[in-house]
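This report concerns only the one structure given below.
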Amino acid sequence: MSITTGVTSESDVRRDAAAHQESRGHRTMVLNMGPQHPSTHGVLRLLLELDGETIVKAAPDIGYLHTGIEKEFEVKNYQQGVTLTDRIDYLAPLSNNLTYCLAAEKLLGLEIPEHAQWTRVMLSEFTRLNSHLVWLATHAIDIGAMSVFLYCFREREEILRIFEMFSGQRMMTSYFRIGGLALPHPRGWQKRVKDFVDIFPSRIDEYEELLTGNRIWTGRTKGVGYISLEDMLELGVTGPMLRAAGLAIDVRKDAPYSSYEKFDFTVPTRTENDVFARYLLRIEEMRQSHRIIKQALEGMPSGSHQADAPGIVLPEREKMKTQMESLIYHFKIVTEGFRVPEGEVYQAVESPRGEVGCYMVSDGTQKPYRVHWRGPSFGNLQSIPKLIEGTLIADVIAALGSMDFVLGDTDR
Amino acid sequence: MIPESLLSNPTVAALADLATAAKFEFDELTVEIDAAKIAEALGRVKRDLKFERLTSVTGVDRFPAEPRFEIVYHLQSIANKARLRLKARVSGANPEIESASTVYRGAEWYERETFDLFGVRFLNHPNLTRIMMPEDWEGHPLRKDYPITGIRY
């Protein structure tokens, strides 16, 4: 008798613990970690069966943050759906906006102007920095390095200000819309972004100075949280976890979207496959994101921020006052939305956590027939038992943190 | 019906005896498989066609049409940089299909989610319980006949 990966009832674990007691001749303990545990970053519940300090069995229990977003998509029209995507993975709203918009645009056959594509790339990379900074801050605080948190949030604040400048929102941006961007670029954005680009590399050096050579940090992270590459592929793990095991897999390179092919960047990999390797990998990813942002800032093409698609993209305010068609289109789009041709698409995007996918089914009406969201955290969390079984309980926090999951993304 | 133009596609050719339909739209290949043979098809896809990763399993409810449910498998081949969608249809009266978790272990949670939200049972699944909703929940929220506001008494 053994606990399978997804046991939800406590009685199953207790029954199992009792069975183990007979075979071992001494008692094992069942520990309930979460859902309100600060180091589970949300509401993850873990049932751990302990033999002394060693974990015999682990069973993650999710669903505490299930909000029925996939059902909600079916009663919103296409453009309204963008606002829901922000709330799925609340640390990477723009990556989610992008996934949803690309899927709908594929169905509509829309051509997005280069200016909007490059802006999307730039802001998606800012999202990656934002997410990695929150990850580093909380991961370090979990392991006991208090001050890193303050340093990371200093830069994160600057990124949130840039988001606010572009979209008017710090977190729930909804800045990418089907057909382009919600608003044209704000005045003075170049200076804001340039100031950030100039200072950021030295800030990454600061984090590294605090952590990379730190003996406590390396002691807590090196050789901890190993999981084989085969197991990860089998269990549906994506993103930095795979890259830290030596597999150079990245949707931005394998199937470029939104003109990522025009940017010069590398996909970093490590081979050690432990918590420390995942830390170094994400640090290197931040440097690469910085490179992309710099290229986007310097080479930003001019042009329209929205596609030339009357009937889908809202007309300019000025034209509505002088042109009958614009007024009609505006009325039609706002009151009933636009129709999307029948079909089904799957769009994958590399989010900070791995592959986020949007499977969109259209039946030719103004509302999506079905939207399935493949959140990277859901696949990653499935590997928890493999990751922590047999290790010490003190290492659970480090191993979990290195995975970088968001429960909103898992439960949707 | 498999269109003539797709018969030369190696993936479609390898699955031809199990497939009921195939289409290539929006640069994406979809092969419809007879629901009774889905495990065999997935095994072949993984072993012979090198689709190492199962990206997700989900459902689409075509209520009130029959067969009501489409079970959709998204697969990825890292070696060939290719993606594939397999689809199987199951009836609303008896929504049952063989589990993919014997082929891809990662299917386990995705199938639990599909079971939870659509009420499709996966045979030979190691632990087919609810994953999102509470254990004592009644109904399956993503079904089209389940009201958006929830069921009120």
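Got a sec? Which of B:E96, B:E111, B:E28 is of a type outside the set (G, A, S) and more than 26 Å from A:I69 (Cβ to Cβ)?
When all the criteria are applied, what remains is B:E96.
Restricting to the stretch A:277-302, what's the tally of residues that are crowded, with 17+ Cβ neighbours inside 10 Å and either outside any helix (DSSP H, G or I) or polar (S, T, N, Q) (or both)?
4
Name the residue, out of B:K23, B:K50, that is within 27 Å of B:K144 (Cα to Cα) and of a type outside the set (F, W, Y).
Working: B:K50 fails: within 27 Å of B:K144 (Cα to Cα).
From the options B:K23, B:K50, the qualifying one is B:K23.
Is it the case that A:R317 is under 25 Å from the mean Cα position of the chain (by Cα) and basic (K, R)?
When the stated conditions are applied, A:R317 does not pass them.
Which of the residues spanning the stretch A:26-65 are within 20 Å of the chain's Cα centre (by Cα), surrounded by fewer than 20 Cβ atoms within 10 Å (Cβ to Cβ) and within 13 Å of chain B (Cβ to nearest Cβ)?
Of everything in the stretch A:26-65, those that are within 20 Å of the chain's Cα centre (by Cα), surrounded by fewer than 20 Cβ atoms within 10 Å (Cβ to Cβ) and within 13 Å of chain B (Cβ to nearest Cβ) turn out to be A:V43, A:Y64, A:L65.
So in the stretch B:44-88, with the set limited to residues that are away from every other protein chain (no Cβ under 14 Å) and out of contact with any Gly (no Cβ under 9 Å at 6 or more places or on another chain), which one is modelled with the highest pLDDT?
Start the filter on the stretch B:44-88 by keeping residues that are away from every other protein chain (no Cβ under 14 Å), which leaves B:44-45, B:48-49, B:66-67, B:88.
Checking which are out of contact with any Gly (no Cβ under 9 Å at 6 or more places or on another chain) leaves us with B:44-45, B:48-49, B:88.
Numbers: B:R44: 90, B:V45: 90, B:D48: 87, B:L49: 87, B:A88: 93.
The extreme case among them is B:A88.
Yes/no matrix, rows are residues, columns are (1) part of a loop (DSSP other than H, G, I, E, B); (2) facing another protein chain (nearest Cβ under 8 Å); (3) crowded, with 18+ Cβ neighbours inside 10 Å; (4) touching a residue at least 40 places away in the same chain (Cβ under 8 Å):
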| position | (1), (2), (3), (4) |
| --- | --- |
| B:A100 | yes, no, yes, yes |
| B:Y104 | yes, yes, yes, yes |
| B:M133 | yes, yes, no, no |
| B:P141 | yes, yes, yes, no |
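Just to be sure, is A:R270 of a type in the set (K, R), more than 30 Å from A:G109 (Cα to Cα), more than 14 Å from chain B (Cβ to nearest Cβ) and touching a residue at least 12 places away in the same chain (Cβ under 8 Å)?
Working: of a type in the set (K, R): yes; more than 30 Å from A:G109 (Cα to Cα): yes; more than 14 Å from chain B (Cβ to nearest Cβ): yes; touching a residue at least 12 places away in the same chain (Cβ under 8 Å): yes.
Yes.
Could you please let me know if B:E96 is charged (D, E, K, R), away from chain A (no Cβ under 13 Å) and out of contact with any helix residue (DSSP H, G or I) (no Cβ under 7 Å at 6 or more places or on another chain)?
Yes.
Which condition does B:V72 not pass, out of (1) under 20 Å from A:D363 (Cβ atoms); (2) touching a Lys or Arg at 6+ places or on another chain (Cβ under 7 Å); (3) assigned to a loop (DSSP other than H, G, I, E, B), if it passes all the others?
Only one criterion in (1) under 20 Å from A:D363 (Cβ atoms); (2) touching a Lys or Arg at 6+ places or on another chain (Cβ under 7 Å); (3) assigned to a loop (DSSP other than H, G, I, E, B) is unmet by B:V72, namely (3).
Would you confirm whether or not the stretch B:18-26 contains a residue that is within 19 Å of A:M360 (Cβ to Cβ), in contact with a strand residue (DSSP E or B) (Cβ under 8 Å, 6 or more places away or on another chain), in contact (Cβ under 8 Å) with a residue 12 or more places away in the chain and crowded, with 17+ Cβ neighbours inside 10 Å?
Applying the first criterion (within 19 Å of A:M360 (Cβ to Cβ)) to the stretch B:18-26 yields B:23-26.
Right, trim to in contact with a strand residue (DSSP E or B) (Cβ under 8 Å, 6 or more places away or on another chain) and you get B:23-26.
Within this subset, residues satisfying the condition of being in contact (Cβ under 8 Å) with a residue 12 or more places away in the chain are B:23-24.
From what's left, crowded, with 17+ Cβ neighbours inside 10 Å: B:23.
Yes: the stretch B:18-26 contains one or more residues that are within 19 Å of A:M360 (Cβ to Cβ), in contact with a strand residue (DSSP E or B) (Cβ under 8 Å, 6 or more places away or on another chain), in contact (Cβ under 8 Å) with a residue 12 or more places away in the chain and crowded, with 17+ Cβ neighbours inside 10 Å.
Within the stretch A:205-216, is there a residue that is in a loop (DSSP other than H, G, I, E, B) and either touching a Gly at 6+ places or on another chain (Cβ under 8 Å) or surrounded by 16 or more Cβ atoms within 10 Å (Cβ to Cβ) (or both)?
Within the stretch A:205-216, one or more residues are in a loop (DSSP other than H, G, I, E, B) and either touching a Gly at 6+ places or on another chain (Cβ under 8 Å) or surrounded by 16 or more Cβ atoms within 10 Å (Cβ to Cβ) (or both).
Restrict the check to the stretch B:15-22 and report whether at least one residue is at pLDDT 90 or above and touching an Asp or Glu at 6+ places or on another chain (Cβ under 8 Å).
Checking the stretch B:15-22: not a single residue is at pLDDT 90 or above and touching an Asp or Glu at 6+ places or on another chain (Cβ under 8 Å).
In the stretch B:1-29, which residues are charged (D, E, K, R) and in a loop (DSSP other than H, G, I, E, B)?
Within the stretch B:1-29, B:D17, B:D27 qualify.
Does the stretch A:344-360 contain any residue that is in contact with a Phe, Trp or Tyr (Cβ under 8 Å, 6 or more places away or on another chain), more than 22 Å from A:P256 (Cα to Cα) and among the β-branched types (V, I, T)?
Looking for residues that are in contact with a Phe, Trp or Tyr (Cβ under 8 Å, 6 or more places away or on another chain), more than 22 Å from A:P256 (Cα to Cα) and among the β-branched types (V, I, T), one finds none in the stretch A:344-360, hence no.
Output the residues belonging to the stretch B:108-131 that are surrounded by 22 or more Cβ atoms within 10 Å (Cβ to Cβ) and either free of Cβ contacts under 8 Å to residues at least 24 places away in the same chain or more than 17 Å from the chain's Cα centre (by Cα) (or both).
Those that are surrounded by 22 or more Cβ atoms within 10 Å (Cβ to Cβ) and either free of Cβ contacts under 8 Å to residues at least 24 places away in the same chain or more than 17 Å from the chain's Cα centre (by Cα) (or both): B:E108, B:W109, B:R112, B:I131.
Taking the residues in the stretch B:106-130 that are closer than 14 Å to B:S56 by Cβ and either in a loop (DSSP other than H, G, I, E, B) or basic (K, R) (or both) as candidates, determine which candidate is farthest from the other protein chains (Cβ to nearest Cβ).
The qualifying residue farthest from the other protein chains (Cβ to nearest Cβ) is B:R112.
Exactly one condition in (1) touching a Lys or Arg at 6+ places or on another chain (Cβ under 6 Å); (2) crowded, with 18+ Cβ neighbours inside 10 Å is false for B:E96; which is it?
Of (1) touching a Lys or Arg at 6+ places or on another chain (Cβ under 6 Å); (2) crowded, with 18+ Cβ neighbours inside 10 Å, only one is false for B:E96: (2).
The values are calculated or read from the model by the stated rules, or taken from the named source; none is laboratory data. These numbers come from a predicted model, not from an experiment. Every residue, glycine among them, receives a Cβ derived from its backbone with ideal geometry; neighbour counts consider all protein chains shown.
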